[in-house]
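The values are calculated or read from the model by the stated rules, or taken from the named source; none is laboratory data. Remember, predicted model here, so these are calculated numbers, not experimental data. Virtual Cβ from ideal backbone geometry, glycine too; neighbours counted across all protein chains shown. Heads up: the accessible areas ignore ligands, DNA and RNA and are worked out on the full protein's heavy atoms, side chains in. Shrake-Rupley method; radii C 1.70, N 1.55, O 1.52, S 1.80 Å.
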Amino acid sequence: MTNKEKALALIGTFASGDTAKAKELLAPGYIQHNLAFGTGADAFVAAVEGLAQAPVKTTVNNIRAFEDGDKVFLQTVYNFAGAGEQVGFDVFRFDEDGKIAEHWDNLADKAAPNPSGHTQIDGTLEKKDVDKEETRKVVAGFVGDVLRGENPDKLTSYYDGDKYIQHNTSIADGLSGLGAALEAMAKQGISMVYNKTHMVLADGDYALACSEGTFGGVATTYYDLFRVENGFIAEHWDVMETLADKSTWANENGKF
């Protein structure tokens, strides 16, 4: 199995209840960054067992899957025990033995289509076989210059005119849609701040940036998936998650 296949098999155990498969795939010292779960392989297996016993079956629908070095990153729709559909990004790190050693994620409730009629998961599915380092360079530059605000004057240089497909639940297509949304937030006194980017993972013409900051003054983690075309940002999906109060954390590993 490839690492991508292993990651997909692991999230599949939430639906199948296959604890033996989960144990087989996980490293003994598995590190968990989802703050709602305990760390370690045993905690993951216990979660699989718990879901299997729930009266409503869990569903797992992977939309996109990518691989970059020792990491796999996925975009998936989950419905845990009938609690409601959530869109999630997962990142898995593999150790030298091919076991899943670490996991990070961001989850958000599935929402209605945005002002341009796009959902959190639709859009381009095909991955182009292009230089991932060029993709990473564009996305890392955009995240630093624009999202972290290090060189905001470079904003328009990352777009091919107004051609930009947006899957954020509140923002319309195009650079014009992004500008209108930011202006509306400013009028409401809402600020979206990116303080630090921890990972920029790339595969072909896609890259996922994992960052932290604040939204409206509240600690928030940002996972942004971009598709790059001809050197420009062409399409964007994201999940924003409010950071849980530390008193509720089930592990001490932090979100990153």
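For the reader, a short list of remarks on this structure follows.
- Ordering 95-104, 247-256 by mean Cβ neighbour count within 10 Å, with the highest value first, yields 95-104, 247-256.
- Summed over the residues of segment 132-242 and divided among them, the accessible surface reaches 43 Å² per residue at a probe radius of 1.4 Å.
- Residues of type lysines that Lys99 reaches as a straight line, Cα spacing below 26 Å, ignoring anything fewer than 8 places off in the same chain: Lys4, Lys6, Lys21, Lys23, Lys71, Lys127, Lys132, Lys255
- Separation of segment 145-210 and segment 46-96, taken as the distance between their Cα centroids, equals 26 angstrom.
- Converting the Cα gyration tensor eigenvalues of segment 51-150 into ellipsoid dimensions via √(5λ) gives semi-axes, longest first, of 27, 21, 13 Å.
- Under 17 Å from the Cα of Lys154 - lysines, other chains or at least 8 residues apart: Lys137, Lys163
- Tail weight of P(r) past 24 Å, computed on alpha-carbon pairs of the chain, percent: 47 percent
- Ellipticity at 222 nm from helices only: DSSP H runs of n ≥ 4 in the chain, each -39500 (n - 2.57), divided by the residue count, give -7000 deg cm²/dmol.
- Value in Å of the Kirkwood radius, where segment 3-110 supplies the Cα pairs that are averaged: 13.7 Å
- For the listed peptides 160-171, 178-189, a ranking on the average number of other beta carbons within 10 Å per residue, highest first, reads 160-171, 178-189.
- Within the accessible area of the chain (1.4 Å probe), percent carbon and sulfur: 51 percent
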